[in-house]
Amino acid sequence: MLRRADPLAFAPHGLLANPHLQSLLTSSPWRKLRVRKRSRAYLDRSQREVISTPRGVHLLGYRNQAQTPNGALVILLHGWEGSSESNYLLDSSTALDRAGFATFRLNFRDHGSSHHLNPGLFHSCRLQEVLDAVGMITSAHAGEVFLAGFSLGGNFALRVARQAPANGIELRHVIAVSPVIRPRKVLDALAAGWPVYEQYFVRKWRRSLKRKQQLYPERYNLESWLKLRKLADQTRQLVEDYTGFENLDAYLEGYSIAGDYLAGLTVSSLIITAADDPIIPISDFHSLPRPAALELEIWKNGGHCGFLSNWRLESWIEQRIVNDLSRKLNVST
């Protein structure tokens, strides 16, 4: 289903409609100051938890119980080289908290301050550990559970939704914002697009793996890797040296949700994306299958995980998520 009209329509004006401004401002330090101020009380109430899965993986997360609870829990997944305190995740979590939802902000392996928890490196095909963690968090909650993810976190959220029934995980509804569909296309778009995006991820990944090498010097020798300046080269070398994948293409296809991957989706899911996303080609969304459980919402503007409503850098997407989940909760109760 493709929805183009909505009472909560996103329609930025003037320069704010520019996809690059949307994409860059959403993670900017200026927005971070505003988000941290709005989230101060929420962060003060956050409880740190390490989820230890049956397969021996340890993932760091932060739980909040709403002060006026509605009985539901939302698990939130950040994007690649983001964290549980990324602007978009923290702003959405705070809005959900105000609406009565309990929240659990889960970090992927080697994200946030969790590099020390597992010797092995993060890569995007590590779905099972995320499934295990989501399953453990879900089973410990008495009420309904929702899942929301952004960018790579949106890709993980949709893969979790696809595999949840087979893993005994009961999810009421899943939201994926600007999710990665076909990783090869994203890598190509970053290489061919405005260099600021590729270099942003190159810098963040180098910083992350420097930390990993410092923690496990006997396991990792990344000196040659740290000299690389292109994401494709970085990914290829890491795949060849530290994963079991035959080559880069095999790895990228390993977490693709293109083709018929979502055809068998049975968990209610909503994808929200922008046609002007400079990182994820909109053609990837048009070619998705349309099972009854999947809704696809494409907006003209919004950039990549942007959806900023005004120059106060307030986000439209947080209220869109709150409204959608509240509607689902009210329907079920």
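Observations, loosely collected:
- Taking segment 211-333 and dividing mean pair separation by its residue count, relative contact order in percent (alpha carbons under 8 Å, at least six apart): 16
- Taking label positions 7 Å along the Cα-Cβ direction at both Asn330 and Ile282, the computed distance is 3.1 nm, reported to one decimal.
- Taking 0.36 nm per residue of sequence separation and removing the Cα-Cα distance, the Gln237/Arg45 pair yields an extension gain of 65.0 nm.
- Where N is the number of residues in the chain, Cα Rg divided by 2.2 N^0.38 Å: 0.94
- Members of Lys204/Lys328; Lys210/Lys230; Lys37/Lys185; Lys37/Lys204; Lys32/Lys212 lying beyond 28 Å, as alpha-carbon distances in this model show: Lys204/Lys328; Lys37/Lys185
- For segment 112-190: rounded, prolate or oblate by the Cα gyration tensor [a/c cutoff 1.5]: oblate
- Gain on full stretching of the segment that runs from Glu170 to Arg34 - 0.36 nm per residue minus C-alpha separation: 45.5 nm
- Over segment 21-92, Cα pairs under 8 Å with separation of 6+ residues give a relative contact order of 33 percent.
- Value of Rg to Rh for segment 78-133 (Rh from inverse mean 1/r over Cα pairs, i.e. Kirkwood): 1.01
- Annotation for segment 54-103: trypsin sites (Lys or Arg not before Pro) lying in DSSP loop with at most 14 further Cβ atoms inside 10 Å of their Cβ are Arg55.
- In loop segments of segment 233-333 as defined by DSSP, the trypsin sites (Lys or Arg not before Pro) with at most 16 further C-beta atoms inside 10 Å of their C-beta are Lys300, Arg312.
- With 0.36 nm allotted per residue and the present C-alpha distance subtracted, the Ala17-Thr68 stretch has 14.8 nm of extension available.
- Rel. contact order, % - alpha carbon contacts under 8 angstrom, at least six apart, the chain: 23
- Protection-proxy order for peptides 82-91, 161-170, each taking the mean of Cβ atoms within 10 Å per residue, highest first: 82-91, 161-170
- Low-density loop positions, GluC sites (Glu not before Pro), segment 243-333 - DSSP coil, at most 16 other Cβ in 10 Å: Glu246, Glu314
- Computed per residue of the chain from DSSP H runs no shorter than four, each worth -39500 (n - 2.57), the mean residue ellipticity at 222 nm is -12000 deg cm²/dmol.
Readers should treat all values here as calculations from the given coordinates under stated rules, not as data from a laboratory. Remember, predicted model here, so these are calculated numbers, not experimental data. A quick note on method: Cβ atoms are made from the backbone with ideal geometry, for glycine too, and the neighbour counts reach across all protein chains shown.
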